[in-house]
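The values are calculated or read from the model by the stated rules, or taken from the named source; none is laboratory data. Because the structure is predicted, anything quoted here is derived from the model rather than measured. Cβ atoms come from the backbone with ideal geometry, glycine included; neighbour counts cover every protein chain shown. The area values use the complete protein model at the heavy-atom level, side chains included, leaving out ligands, DNA and RNA. Shrake-Rupley method; radii C 1.70, N 1.55, O 1.52, S 1.80 Å.
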Amino acid sequence: MTRVRVNGFTISLDGYGAGPDQDLNNPLGVGGTDLHQWLVSTRTFQKSLFGRDGGTTGVDDDFAVRSFKNVGAWILGRNMFGPIRGEWPDMNWKGWWGDNPPYHVPTFILTHHPRAPIEMEGGTTFHFVTGGIHEALERARDAANGMDVRIGGGVATIQQYLRAGLIDELHLAISPVLLGRGERLFDGVDMRAVGYECVQSVATEKATHVVLQRQGSKGV
């Protein structure tokens, strides 16, 4: 059965999932890269993003490995695809990741502005969805073909799916840094009222990993 998951989404101690003022030089907003120290050094990240051998193992890497298992499709907010706002000025921008993005499955981008699909290297095809979160999820479920749908972010996208009670499992990595400004993940979201509870918590030197599960969903 297809589950809807968020994996490896990192927030600061003061609750921010991204810093302010995203631009080409700050894809995660100012200070946002500081959140991901737990992930960048792992063997899984080094292999998936850069094709490199080596990297750290242990609990952080275990969660990174788990995040890529059984994923048949992704959903991303438009800001996760790029810093461009409004109408597409041209079709040259094809994401932050170069010719071979780390998704390798159909990936659905939420946007208000239509665009033709983009086939990338490595099995990733970007599809641009203008009909909202439910249309994106329906298309992603079909594309996943029985595997899970992973929602990559950003904050506003995850919030919409949380409010709708559509995420079955949410893995957060709480990083021991303060951002001070940016986008707070749980602003306006009453997690208890929507039916989520904590089912796992594991601390490492660089993050505290917390798994939240919607009541009635299948286990971790």
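Please count how many residues of region 182-220 are in contact with an Asp or Glu (Cβ under 6 Å, 6 or more places away or on another chain) and open to solvent by less than 30 Å² (accessible area, probe 1.4 Å). Residues that pass the stated criteria total 2. Residues in region 57-80 that are within 19 Å of Leu212 (Cβ to Cβ) and either touching a helix residue (DSSP H, G or I) at 6+ places or on another chain (Cβ under 6 Å) or free of Cβ contacts under 8 Å to residues at least 12 places away in the same chain (or both): Asp60, Asp62, Ala64, Lys69, Ile75.
Search region 36-77 for residues being of a type in the set (A, V, I, L, M) and over 20 Å from Gln200 (Cβ atoms), and hand back the single one that is modelled with the lowest pLDDT. Taking the candidates together, the pick is Leu49.
For every residue, the table says whether it meets (1) of a type in the set (D, E, K, R); (2) exposed (fewer than 14 other Cβ atoms within 10 Å of the Cβ); (3) within 26 Å of Gly19 (Cα to Cα).
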| residue | (1), (2), (3) |
| --- | --- |
| Val129 | no, no, yes |
| Glu135 | yes, yes, no |
| Arg139 | yes, no, no |
| Arg150 | yes, no, yes |
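Checking region 174-181 against the condition returns a match, with at least one residue being of a type outside the set (Val, Ile, Thr), surrounded by 21 or more Cβ atoms within 10 Å (Cβ to Cβ), under 16 Å from the mean Cα position of the chain (by Cα) and closer than 21 Å to His209 by Cβ. Scanning region 1-24 for residues that are modelled with pLDDT of 95 or more, surrounded by 21 or more Cβ atoms within 10 Å (Cβ to Cβ) and either of a type in the set (A, V, I, L, M) or in a loop (DSSP other than H, G, I, E, B) (or both) yields Val4, Val6, Ile11, Ser12. Of everything in region 152-173 that's free of Cβ contacts under 8 Å to residues at least 40 places away in the same chain and part of a helix (DSSP H, G or I), which residue is least open to solvent (accessible area, probe 1.4 Å)? It comes out as Leu162.
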